[in-house]
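Peer 1: Take this structure first; my questions come after.
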Amino acid sequence: MLVDEQMNILGSYPDSFGKQIRIGTDAKNPLTGLTLTTFQINVGKWCNQACKHCHVDASPIRTEMMSKETIDKCLAIIKSVPAIQTVDITGGAPEGNIHFRYLVEEARKLGKKIIDRCNLTILEEKGNEDLHEFLAANEVEVCSSLPYFSQSRTDQQRGDGVFNKSITALQKLNKLGYGTRLPLNLVYNPVGVFLSSAQKQLEREFKENLDKKYGIVFNNLYCINNMPINRYLGALVRTGKFETYMETLVNAYNPMTLEGLMCRHQISVGYDGKIYDCDFNQMLELEAKPVSHVDHFDYETFVNRNIVVANHCFGCTAGAGSSCGGEVA
């Protein structure tokens with residue numbers, strides 16, 4: 001689905017997120033940047049999977065990849081901003097970028113916490129036999145999507161065979177100390193037109209079932225609402241459930257989530273060096289303003305910017321909120 005078409009569909013819903021966040025405040029632009037603690041880099045849209053819910057629209061046929069030149073520009077910014085604590089590497093399957101290991105090693109030299117948003121099955125692909133060891137040696141936090149602790153529900157969302165490969169990858173990571181000595185976090189996306197379940201309760205269920213059935217341990221479960229963009233938006237429209245899902249998000253709007261929204265504390269950089277407020281805005285090509293490329297990055301300007309919003313933002317403010325780190329309120 002083309003970006004313009006997505007924006008038209010989102011804009012057709014009668015409630016406006018831009019107006020919603022102005023309720024109860026006199027500020028003309030109430031949603032602004034607050035800090036810059038996380039530098040998120042989308043190093044490419046190639047992925048060895050093509051998941052139904054993927055907001056990136058990633059797949060094995062995508063060719064967009066971040067160059068080493070752009071990676072070096074990102075590293076220069078990270079080095080120049082002491083406030084940045086975390087380098088969050090995402091995709092696609094970020095490990096598919098030939099410069100992935102270089103980025104990890106250089107970011108580690110800068111003393112930053114590194115997150116690899118790993119789909120798990122990439123660890124089982126030919127040529128990646130030592131990738132588990134590389135991540136462990138560099139103390140990279142692994143944050144992995146796992147729709148459920150059952151094969152049927154996971155494969156329904158991510159494709160046949162994904163669950164078994166994911167379990168194998170998790171067991172290998174556990175043997176290297178992930179889940180105990182090294183951080184291993186899982187990400188849950190609901191299947192259907194409803195919000196994510198309570199994070200702590202679902203985390204207990206995941207831990208009990210994965211440990212009992214497969215001997216797998218992990219640290220945290222992050223629950224993320226499905227964003228009404230790209231493939232998920234297309235599925236909502238095809239099945240006539242777009243308005244139902246938007247109504248669910250709007251009715252669950254929680255102003256207490258605004259302070260902790262990830263867009264207010266991070267930068268999101270696309271494979272081509274363009275700057276966005278978040279990964280979701282990146283997929284809708286809603287560039288940050290006024291700084292929209294790493295070539296022109298200025299810390300003070302970026303931190304004090306107004307966040308670009310649209311109706312998909314209801315996905316991050318519904319219920320307990322939603323972010324790359326799970327609940328925000």
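The values are calculated or read from the model by the stated rules, or taken from the named source; none is laboratory data. Since we're looking at a predicted model, the values are computed, not measured. Reconstructed Cβ throughout: ideal geometry from the backbone, glycine too, with neighbour counts over all protein chains shown. These area figures cover heavy atoms from the full protein model, side chains too; ligands, DNA and RNA do not enter into them. Shrake-Rupley method; radii C 1.70, N 1.55, O 1.52, S 1.80 Å.
Peer 1: What is the dipole size for the stretch 24-138, taken about its Cα centre, with +1 at each Lys and Arg Cβ and -1 at each Asp and Glu Cβ, in debye to the nearest 20? Intermediate results must be reported in sequence, preceding the final value.
Peer 2: Values: 14 positive and 15 negative charges, 74 e Å.
Roughly 360 debye for the stretch 24-138.
Peer 1: Let me ask another. At 37 °C and 0.692 mPa s, what whole-number value in µm²/s does Stokes-Einstein give for the translational diffusion of the stretch 198-256, with Rh from the Kirkwood sum over Cα pairs?
Peer 2: 235
Peer 1: Using a 1.4 angstrom probe and counting only protein chains, how large is the accessible area of E300 in Å², to 10?
Peer 2: 110
Peer 1: Can you bin the stretch 127-234 into rounded, prolate or oblate? Criterion: square roots of the alpha carbon gyration tensor eigenvalues sorted a ≥ b ≥ c, rounded for a/c under 1.5, prolate for a/b above b/c, oblate for the rest.
Peer 2: Note, shape of the stretch 127-234 comes out prolate.
Peer 1: When N counts the residues of the stretch 54-201, how does its alpha-carbon radius of gyration compare numerically with 2.2 N^0.38 Å, as a ratio? Before the final figure, lay out the partial values.
Peer 2: Details: Rg = 16.0 Å, N = 148, 2.2 N^0.38 = 14.7 Å.
Compared with the compact-globule rule of thumb, the stretch 54-201 sits at 1.09.
Peer 1: Rounded to whole Å, give me the distance from the Cα center of the stretch 164-187 to that of the stretch 272-295.
Peer 2: Between the Cα centre of the stretch 164-187 and that of the stretch 272-295, the gap is 32 Å.
Peer 1: Follow-up question, since we're still on this one. Would you mind classifying the chain by shape? Square roots of the alpha carbon gyration tensor eigenvalues, ordered a ≥ b ≥ c; an a/c under 1.5 is rounded, otherwise it is prolate if a/b is larger than b/c and oblate if not.
Peer 2: Oblate shape, in that a/c is at least 1.5 and b/c is the bigger or equal ratio.
Peer 1: Something else now. Counting only protein heavy atoms, what percent of the accessible surface of the stretch 259-329 is carbon or sulfur at a 1.4 Å probe?
Peer 2: Numbers: 1100 of 2350 Å².
Of the solvent-accessible surface of the stretch 259-329, carbon and sulfur hold 47 percent.
Peer 1: Would you list which lysines come within 28 Å of K172, measuring only between C-alpha atoms, while excluding same-chain residues fewer than 8 positions from it?
Peer 2: K45, K52, K109, K112, K113, K126, K200, K207, K212, K213
Peer 1: For the stretch 110-159, what % of the accessible area comes from carbon and sulfur atoms, probe 1.4 Å?
Peer 2: Working: 830 of 1850 Å².
Carbon and sulfur: 45 percent of the exposed surface of the stretch 110-159.
Peer 1: Take every Cα pair under 8 Å in the stretch 59-174 that's 6+ residues apart, average their separations, divide by the length, and report that relative contact order as a whole percent.
Peer 2: 22
Peer 1: Mind checking which of H55, H312, H99 has the largest fluctuation in a GNM of the chain, springs on alpha carbons under 10 Å?
Peer 2: H99
Peer 1: Only Cα pairs within less than 10 Å get springs; with that Gaussian network setup on the chain, which residue of I275, I21, I71 has the largest fluctuation?
Peer 2: Greatest mean-square fluctuation among the candidates belongs to I21.
Peer 1: Another question, if that's okay. Which one of Q201, Q49, Q156 has the biggest mean-square fluctuation once the chain is modelled by GNM with Cα springs under 10 Å?
Peer 2: Evaluated over the chain, the most mobile residue of the options is Q201.
Peer 1: Expressed as cubic angstrom per residue, what is the convex hull volume of the alpha carbon set of the stretch 273-329? Working shown, then result.
Peer 2: Numbers: hull volume 5.2 nm³, N = 57.
Expressed per residue, the convex hull around the Cα atoms of the stretch 273-329 is 92 Å³.
Peer 1: Before I look further, what does the chain give for accessible area per residue, probe 1.4 Å, in whole square angstrom?
Peer 2: 43
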